[in-house]
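The block underneath contains the structure these notes are about, expressed in structure tokens.
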Amino acid sequence: MEKLASLFHQHLATMQQHAQNVLTQHQLDAVLIHSGEPLTRFLDDQEYPFKVNPQFKAWVPVTHVPHCWLWVDGVNKPRLWFYSPVDYWHNVAPLPESFWTKDIDVNVLCNANEIGALLPAALDRVAYLGYVPERALSLGIAPQHINPKPVLDYLHYHRAYKTDYELFCMREAQKTAVVGHRAEHEAFLSGMSEFDINQAYLTATGHRDTDVPYDNIVALNEHSAVLHYTQLEQRVPSEVRSFLIDAGAEYHGYAADLTRTYAAQSDHLFAQLIKDLNQEQQALIESMRVGVRYTDYHIQMHQRVAKLLHRHHLVQGMSEEAMVQSGLTGVFLPHGLGHPLGLQVHDVGGFMQDERGTHLAAPEAHPYLRCTRVMRPRMVLTIEPGIYFIESLLAPWRSGQYSQHIDWKKIDMLKPFGGIRIEDNIVFHEKRVENMARDLNLA
């Protein structure tokens, strides 16, 4: 706990410096950061699961409590109004006392509507960061200071560079996710349904469905060709051919995001494709260095996919370069290589080239790539190549000019297996790349 307290103290110093810089640049006195409010379902008296404002949990590891407020001026100790009402209908979080509370001025807020009386009278030079703008207006925040883009751009750009505290939290999230992945693999081998495999994962990680950083993707057979499949069938297919799980975990608000794919028969072509894609993914990661634009690695992965299509005779009579240039590899790998990871699964700032928010879009040929930044130390990204057999993407190529180069018999044989994705989370350091899950021996 002492180590964590020390790491948080250093993290807070970095955050304070960022706040001081952005407030000075934009002639502001402070930022008022709102944890958020529960959202009521339409025509109902029930609420959606609460999700905290990521700008709030960047400062304090309070992830499940609505109606909290944080006052930051970059100089004084950040002041937290922690919502803890008298309420016998719902569970009430007690006033926190933890590794981080010595660095924060913690105050109790018993009534959510009383926050206005606790704030300074003049808020004309205060920015609001949060997802309830009407609340900011009611407090007297000027409309132009509600989520001001220049302030968010600055903060989002710097969120790419993780502090030691953040890296500690992300490594802890990896440990939990790895435990879950091992449990779901055992559940798959024992013949469970998608629904039951997901339950095994949640039990092993100690998470609820509302706690995981994104809806778990637990897909048997052709379901793994649906990139964001979340249906969770309760019936086991009559024949199980393949299994893909894309599932993560959280620690103090920081996410892990891991994917593995398995074949039911180890001697099948699909199993060999998994093995070979895994090797290519690892080789790409081993080649990664700071100073290289992420887009370049995405293109390199397409070249590696082309090599696999060639090696297994799925495509013949075309050069690997022609496969990439024609867009054919995009049929089998239709998404980006990965994305920034941190307080959010698809973390912010992936296209920002500087703290002013200068935007560099993904290449036109690869519109789903989520990062175009040059890699620098302390950046954390996912590396998640795939090979999928998706009929809606394959269909135009069945009668196109390159149709004769594709072994459609093999493709149709592989379609019932769905697809393959292998995903790790890596940290860029000055002279090496850290693979958090592989360091924990997740194969």
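The values are calculated or read from the model by the stated rules, or taken from the named source; none is laboratory data. If you're wondering where the values come from, they're calculated on a predicted model, not measured in any experiment. A quick note on method: Cβ atoms are made from the backbone with ideal geometry, for glycine too, and the neighbour counts reach across all protein chains shown. Note: accessible area is taken over every heavy atom of the protein model, side chains too, but ligands, DNA and RNA are not part of it. Shrake-Rupley method; radii C 1.70, N 1.55, O 1.52, S 1.80 Å.
Overview of results
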{"item": "Counted residues, the stretch 406-428 - those being part of a strand (DSSP E or B) and of a type in the set (G, A, S)", "result": "1"}
{"item": "Complete set of residues in the stretch 427-443 that are under 20 Å from the mean Cα position of the chain (by Cα) and either open to solvent by less than 40 Å² (accessible area, probe 1.4 Å) or under 14 Å from A283 (Cα atoms) (or both)", "result": "V427, F428, V433, E434, N435, M436, A437, R438, L442"}
{"item": "Odd one out for A112 among (1) in contact (Cβ under 8 Å) with a residue 40 or more places away in the chain; (2) open to solvent by 20 Å² or more (accessible area, probe 1.4 Å); (3) among the hydrophobic types (A, V, I, L, M, F, W, C); (4) closer than 30 Å to R370 by Cβ", "result": "(4)"}
{"item": "Any hit, the stretch 421-439, residues being touching a Leu at 6+ places or on another chain (Cβ under 6 Å), under 25 Å from M318 (Cα atoms), small (G, A, S) and in contact (Cβ under 8 Å) with a residue 24 or more places away in the chain", "result": "no"}
{"item": "Subset of the stretch 293-323 (residues that are hydrophobic (A, V, I, L, M, F, W, C) and either assigned to a helix (DSSP H, G or I) or within 19 Å of D424 (Cα to Cα) (or both))", "result": "I299, M301, V305, A306, L308, L309, A322, M323"}
{"item": "Breaking point among (1) of a type in the set (A, V, I, L, M, F, W, C); (2) in contact with a Ser or Thr (Cβ under 7 Å, 6 or more places away or on another chain); (3) open to solvent by 10 Å² or more (accessible area, probe 1.4 Å), for I422", "result": "(3)"}
{"item": "Single match in H34, H18 (criterion: open to solvent by less than 30 Å² (accessible area, probe 1.4 Å), touching a Gly at 6+ places or on another chain (Cβ under 9 Å) and modelled with pLDDT of 95 or more)", "result": "H34"}
{"item": "Residue pairs meeting the criteria (Cβ under 7 Å; at least 6 apart or on separate chains; first closer than 21 Å to P94 by Cβ, in the stretch 43-66; second surrounded by fewer than 19 Cβ atoms within 10 Å (Cβ to Cβ) and of a type in the set (F, W, Y))", "result": "H64/F50; P66/F50"}
{"item": "Number of positions in the stretch 215-255 that are farther than 16 Å from A187 by Cβ, acidic (D, E) and assigned to a strand (DSSP E or B)", "result": "1"}
{"item": "Residue under evaluation R182, criteria (1) assigned to a helix (DSSP H, G or I); (2) closer than 17 Å to G253 by Cα; (3) open to solvent by 70 Å² or more (accessible area, probe 1.4 Å); (4) among the charged types (D, E, K, R), criterion not met", "result": "(2)"}
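Residue-wise test of (1) part of a loop (DSSP other than H, G, I, E, B); (2) open to solvent by less than 30 Å² (accessible area, probe 1.4 Å); (3) free of Cβ contacts under 8 Å to residues at least 12 places away in the same chain; (4) not polar (S, T, N, Q).
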site: G338; (1), (2), (3), (4): yes, yes, no, yes
site: V345; (1), (2), (3), (4): yes, yes, no, yes
site: G357; (1), (2), (3), (4): yes, yes, no, yes
site: E364; (1), (2), (3), (4): yes, no, yes, yes
site: P377; (1), (2), (3), (4): yes, no, no, yes
